[in-house]
Amino acid sequence: MRSCMLSREKRSAFLICPVRESDEETTKLIKRWIDSKKHRHDIYWPAIHTDQNDSHGMNICRANRLALTQADDLFIWFSPTSMGSHFDIGMALIAEETKHANEKSFLVVNRKEFSRAEPSVLRALVYYLDKRLRRKASCAEDGKIVDCALSLVEHTIAHDEYFIPSFSAQHPWDLVRLGMLFYEMQFSKKRIILLPGATTPTPKKSFQNVLLRLAEITAPSTAS
């Protein structure tokens, strides 16, 4: 009886962190941290809880979107080179701003690495989402990035037809924007994504393949 009561009192959490880009040492550190939080949180770790066998990447993104939406809290293992973290931070930002999901606390796990990080899109958006850190974000560049991101949220919500002139999985803003679109599309049934003809698929799962699949399923001929 006591163990059941303790289980109900746990909060659920989604961990934004590197998966494909994570080296062995980082993975060990993440696991050790998750184990240390088991008494208080049930943490969804995409590297373990999301099936990574996906030819294009859509199923991975859907599983992570659902877990992020249902979580009580969001944690981030900050890694400015993680492509997936940029996509997930885009989803988290639009969830926060549109209030589609329940209000969540947001916490940076590896604060020391975060405090030493160079200015970047990911750092600025983490500053914005983590209310405990927001007051410390004094860099003017951070403020400009957040303003751009909030404008992008408004644009994503306001327009059913969305033209993406170019896309690169190495470009932080492209990944943040794709994360926003992917999250918002579950609520916007009329969304149409238009791409230039030069966009081509990759042999293995990639965010480019996810974007191409979104354009395919939202095309006027097949959109319901």
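The numbers here are math on the coordinates, done by the rules we state, and not lab data. Model, not experiment: these values are computed from the prediction. Every residue, glycine as well, gets a Cβ built from its backbone with ideal geometry; the counts of neighbours run over all protein chains shown.
So here's what we get for this one:
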{"quantity": "Among the listed pairs LYS28/LYS205; LYS38/LYS104; LYS144/LYS190; LYS38/LYS205, those beyond 22 Å (Cα-Cα)", "calculated": "LYS28/LYS205; LYS144/LYS190; LYS38/LYS205"}
{"quantity": "Segment 77-203, dipole about Cα centre (Lys/Arg Cβ +1, Asp/Glu Cβ -1), debye to the nearest 20", "calculated": "460"}
{"quantity": "ASP23, ASP130 arranged by Cβ crowding within 10 Å, fewest neighbours leading", "calculated": "ASP23, ASP130"}
{"quantity": "Ordering of 70-76, 49-55 by burial proxy (mean other Cβ atoms within 10 Å per residue, highest first)", "calculated": "70-76, 49-55"}
{"quantity": "Residues ILE94, ILE193, ILE164 arranged by fewest to most Cβ contacts within 10 Å", "calculated": "ILE164, ILE193, ILE94"}
{"quantity": "Acute angle (nearest 10 degrees) that the helix 24-36 long axis makes with the longest principal axis of the chain, alpha-carbon atoms", "calculated": "60"}
